[in-house]
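Trainee: Starting off with a structure, shown below.
The values are calculated or read from the model by the stated rules, or taken from the named source; none is laboratory data. All values derive from a computational prediction rather than experimental measurement. Don't worry about glycine lacking a Cβ; one is built from the backbone with ideal geometry, like all the others, and counts go over all protein chains shown. Side chains included, ligands, DNA and RNA excluded: accessible areas come from the protein's heavy atoms. Shrake-Rupley method; radii C 1.70, N 1.55, O 1.52, S 1.80 Å.
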Amino acid sequence: MNMKNSKLKLALCAIFILALFLRLIVVFNQEESKKIPILDAKGYDILAVNILSGNGFSKAMEGSTIPTSYRTPLYPLFLTGVYYIFGHSYMAVKVMQAILSALVCIVIYFIVTIIYNEKRIGILSSLLTAIYVPFISWTPYYGTPAYLLSENLYMPRVVFAILALIIFIKNEKILFGILTGI
């Protein structure tokens, strides 16, 4: 391994750790009144709990559960997976979302580096994404990991799809075209 590669890996690790640290600060210092899901977050939580309980993609209605298609399935399935592994833990979900959000910063590096063919611009873009307040903050509108909202899964999916598309266009590797479509 040459010196440039190890410096690059060290820089990307440092950016990931910084991004994760900033997001976890928000997660662990969230106001007590905002720790319990409400509105959309509660709806996702209910769907996940019902799936895990064997009631399928359903909502509670007058003491029973009824099937619903009101929400898209991917985020409730993500919650179901986290609940299955860690139990019904909002904190586990928020930590997983913080990890995904920090990974977005690293994927941004690869996207920008491929587009501009310049690693320094990729590092700067990754660092700016890591410290960009709306991706970290307590406001739920940009997918902060402190809330159980689908944006927390949407953002990583979008950046991975963009990366796959760019690799497909540059290298014409069919696998990346398929990944983009998925």
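Trainee: Kindly indicate whether residue 42 is surrounded by fewer than 14 Cβ atoms within 10 Å (Cβ to Cβ), of a type in the set (D, E, K, R) and under 19 Å from the mean Cα position of the chain (by Cα).
Mentor: Criteria met by residue 42.
Trainee: Which of (1) open to solvent by 30 Å² or more (accessible area, probe 1.4 Å); (2) at negative phi; (3) modelled with pLDDT of 85 or more is the odd one out, the single condition residue 117 does not satisfy?
Mentor: (2)
Trainee: Pairs, please: C-beta under 8 Å, at least 6 apart or cross-chain, first residue closer than 13 Å to residue 105 by Cβ and open to solvent by 50 Å² or more (accessible area, probe 1.4 Å) and in region 150-163, second in a helix (DSSP H, G or I) and of a type in the set (Gly, Ala, Ser)?
Mentor: Partner pairs satisfying both residue conditions: 155/101.
Trainee: Going residue by residue through region 51-67, is there one that turns out to be open to solvent by less than 90 Å² (accessible area, probe 1.4 Å), at pLDDT 85 or above and under 14 Å from residue 93 (Cα atoms)?
Mentor: Among the residues of region 51-67, not one is open to solvent by less than 90 Å² (accessible area, probe 1.4 Å), at pLDDT 85 or above and under 14 Å from residue 93 (Cα atoms), which makes the answer no.
To keep it simple, each residue is scored yes or no on (1) in a helix (DSSP H, G or I); (2) touching a residue at least 24 places away in the same chain (Cβ under 8 Å); (3) of a type in the set (A, V, I, L, M, F, W, C).
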position	(1), (2), (3)
5	yes, no, no
23	yes, yes, no
36	no, yes, yes
55	no, no, no
66	no, no, yes
80	yes, yes, no
85	yes, no, yes
88	no, yes, no
102	yes, yes, yes
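Trainee: Just checking, which of 123, 136, 111 is surrounded by 17 or more Cβ atoms within 10 Å (Cβ to Cβ), among the hydrophobic types (A, V, I, L, M, F, W, C) and within 16 Å of the chain's Cα centre (by Cα)?
Mentor: Every option except 136 fails the conditions.
Trainee: Moving to a separate point now. Could you please find all residues in region 145-163 being farther than 22 Å from residue 35 by Cα and under 11 Å from the mean Cα position of the chain (by Cα)?
Mentor: 156, 157, 158, 159, 160
Trainee: For region 104-132, which residues satisfy the criterion of being in contact with a Ser or Thr (Cβ under 8 Å, 6 or more places away or on another chain), touching a residue at least 60 places away in the same chain (Cβ under 8 Å) and not β-branched (Val, Ile, Thr)?
Mentor: If the condition is that a residue be in contact with a Ser or Thr (Cβ under 8 Å, 6 or more places away or on another chain), touching a residue at least 60 places away in the same chain (Cβ under 8 Å) and not β-branched (Val, Ile, Thr), then 105, 109, 119 are the ones that fit.
Trainee: Any idea which residue in region 68-96 is modelled with the lowest pLDDT, counting only those that are of a type in the set (S, T, N, Q) and either surrounded by fewer than 12 Cβ atoms within 10 Å (Cβ to Cβ) or in contact with a Lys or Arg (Cβ under 8 Å, 6 or more places away or on another chain) (or both)?
Mentor: Top of the filtered list is 69.
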